[in-house]
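This report refers to the structure that appears directly beneath it.
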Amino acid sequence: MENQSTDDFQFDEKGVGPDGQIPFGGAWTLIKLEALEKYLKAFNNALSKQRFTRIYIDAFAGTGYCDIRVNGTKTSIEGSARRALAVEPAFHKYYFIELKPRKLAALRAVVADYPEKTVDFLQSDANEALKSLCTKYSWQNERAVIFLDPFGMEVEWPTLEAIAKTGAIDVWYLFPYSGLYRQAVKDTDSLDPSKVAALNRVLGTEAWRQEFYGQKRQFGLFGTNEGDERTVDHHEMLNFVSTRLKGLFPAVTEPKILYQGGDLDNPVGPPLFALYFAASNPKPRAYGLATKIARGILDTL
Ligand SMILES: C[S@@+](CC[C@H](N)C(=O)[O-])C[C@H]1O[C@@H](n2cnc3c(N)ncnc32)[C@H](O)[C@@H]1O
């Protein structure tokens with residue numbers, strides 16, 4: 001599975017795969033949510049005897065529920081916001097960021113079941129809201145977990161920089177793996193400005209051009225070899241992402257690759273996302289413990 005070429009898979013421009021599964025969640029949705037929920041429990045347990053105010057920030061919060069389809073069966077499961085609200089020991093404060101007013105209204109109705117919780121709803125672009133939250137606190141007395149769960153390539157590199165700078169926030173980032181290799185097309189002739197902008201946005205550099213592309217090896221009809229072609233496969237592209245993240249955060253786990261189809265025991269289809277955990281606390285004891293917990297969770301999923 002790991003060695004399957006992504007060039008074998010066809011997607012339309014909305015990112016919908018050949019069997020139309022992407023608009024629904026799948027087994028991968030369960031994996032990311034279980035990883036998050038387990039970590040939130042462990043985080044609150046680990047910090048429960050300490051003086052810190054514990055904050056949960058759901059940057060792409062959704063409605064509190066997710067529709068998934070696993071092996072052809074559709075169900076609705078509890079989403080990240082609802083899981084975070086139910087975690088014990090609880091967080092002291094919750095921020096739910098969501099761009100779509102209709103979704104935020106649905107989430108408000110879910111949160112009404114938890115009148116004892118302190119919740120702020122932010123109807124905003126996640127990047128803007130996160131950058132402002134990162135500077136709202138001094139991060140001397142607070143510790144937080146952020147869940148970055150975008151559909152695609154919405155998370156901008158400067159947002160990750162703002163998070164890393166706090167030195168106090170742990171991040172689960174569902175990196176858009178399929179977005180990456182779909183935007184980084186094989187032939188630079190098709191690398192239009194919107195693709196370039198998307199790659200610059202999520203990677204925070206233009207260095208991907210040198211890393212991913214080289215001169216065409218095959219000559220054209222008239223013996224010319226103008227333009228470049230991608231010379232790396234999707235594994236190498238993801239290694240570039242890992243290197244970028246490791247350059248920004250003191251500790252980053254190896255990503256868990258999440259595939260489009262199949263079930264938990266037997267994932268199939270193209271790789272869709274790469275689930276990363278990153279810790280921004282520069283103290284080795286703090287990031288060491290956080291990544292040990294995160295790795296332990298990822299290994300069981
Ligand atoms: C994959 S869903 C999140 C699912 C949610 N985490 C859950 O587990 O239930 C992504 C959500 O992000 C929202 N969204 C898309 N672009 C956004 C942006 N730029 N800022 C904030 N929210 C955005 C979408 O409306 C959608 O509800």
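Okay, here's what the table says:
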{"quantity": "Of residues in region 65-113 being more than 22 Å from Asp170 (Cβ to Cβ) and in a loop (DSSP other than H, G, I, E, B), the one nearest to the chain's Cα centre (by Cα)", "calculated": "Leu99"}
{"quantity": "Test: residue in region 57-68 that is of a type in the set (Ser, Thr, Tyr), modelled with pLDDT of 95 or more, within 12 Å of the ligand (Cβ to nearest atom) and open to solvent by less than 10 Å² (accessible area, probe 1.4 Å)", "calculated": "no"}
{"quantity": "Qualifying residue in region 287-300 (condition: part of a loop (DSSP other than H, G, I, E, B) and either under 20 Å from Asp149 (Cα atoms) or over 19 Å from the mean Cα position of the chain (by Cα) (or both))", "calculated": "no"}
{"quantity": "Hey, Gly227 touching a helix residue (DSSP H, G or I) at 6+ places or on another chain (Cβ under 6 Å), open to solvent by less than 60 Å² (accessible area, probe 1.4 Å) and modelled with pLDDT under 95 or not", "calculated": "yes"}
{"quantity": "Scan of region 147-169 for residues that are in contact with a Ser or Thr (Cβ under 7 Å, 6 or more places away or on another chain) and open to solvent by 10 Å² or more (accessible area, probe 1.4 Å), ordered by number", "calculated": "Asp149, Ala164, Thr166, Gly167"}
{"quantity": "Qualifying residue in region 276-290 (condition: open to solvent by 60 Å² or more (accessible area, probe 1.4 Å) and of a type in the set (S, T, N, Q))", "calculated": "no"}
{"quantity": "Among the residues listed as Ala86, Ala90, the single one being touching a residue at least 40 places away in the same chain (Cβ under 8 Å) and open to solvent by less than 70 Å² (accessible area, probe 1.4 Å)", "calculated": "Ala90"}
{"quantity": "Qualifying residue in region 198-220 (condition: surrounded by fewer than 21 Cβ atoms within 10 Å (Cβ to Cβ), more than 16 Å from Ala59 (Cβ to Cβ) and within 16 Å of the ligand (Cβ to nearest atom))", "calculated": "yes"}
{"quantity": "Search result, residues across region 148-159 that are under 11 Å from the mean Cα position of the chain (by Cα) and not in a loop (DSSP other than H, G, I, E, B)", "calculated": "Leu148"}
{"quantity": "Lone unmet requirement of (1) open to solvent by less than 20 Å² (accessible area, probe 1.4 Å); (2) in a strand (DSSP E or B); (3) more than 10 Å from the ligand (Cβ to nearest atom); (4) in contact (Cβ under 8 Å) with a residue 40 or more places away in the chain for Phe43", "calculated": "(2)"}
{"quantity": "Boolean, Ala144 is of a type outside the set (Lys, Arg), closer than 21 Å to Arg51 by Cα, in contact with a helix residue (DSSP H, G or I) (Cβ under 9 Å, 6 or more places away or on another chain) and surrounded by 15 or more Cβ atoms within 10 Å (Cβ to Cβ)", "calculated": "yes"}
{"quantity": "Number of the condition not met by Arg54 [criteria: (1) of a type outside the set (Phe, Trp, Tyr); (2) more than 12 Å from the ligand (Cβ to nearest atom); (3) closer than 21 Å to Tyr173 by Cβ; (4) not in a strand (DSSP E or B)]", "calculated": "(4)"}
{"quantity": "Tally, over region 97-118, of residues that are open to solvent by less than 60 Å² (accessible area, probe 1.4 Å), within 15 Å of the ligand (Cβ to nearest atom) and not basic (Lys, Arg)", "calculated": "8"}
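The values are calculated or read from the model by the stated rules, or taken from the named source; none is laboratory data. Because the structure is predicted, anything quoted here is derived from the model rather than measured. Cβ: placed from backbone, ideal geometry, glycine included. Neighbour counts: every protein chain shown. When the accessible area is computed, the model is the full protein with side chains, heavy atoms only, and any ligands, DNA or RNA have been set aside. Shrake-Rupley method; radii C 1.70, N 1.55, O 1.52, S 1.80 Å.
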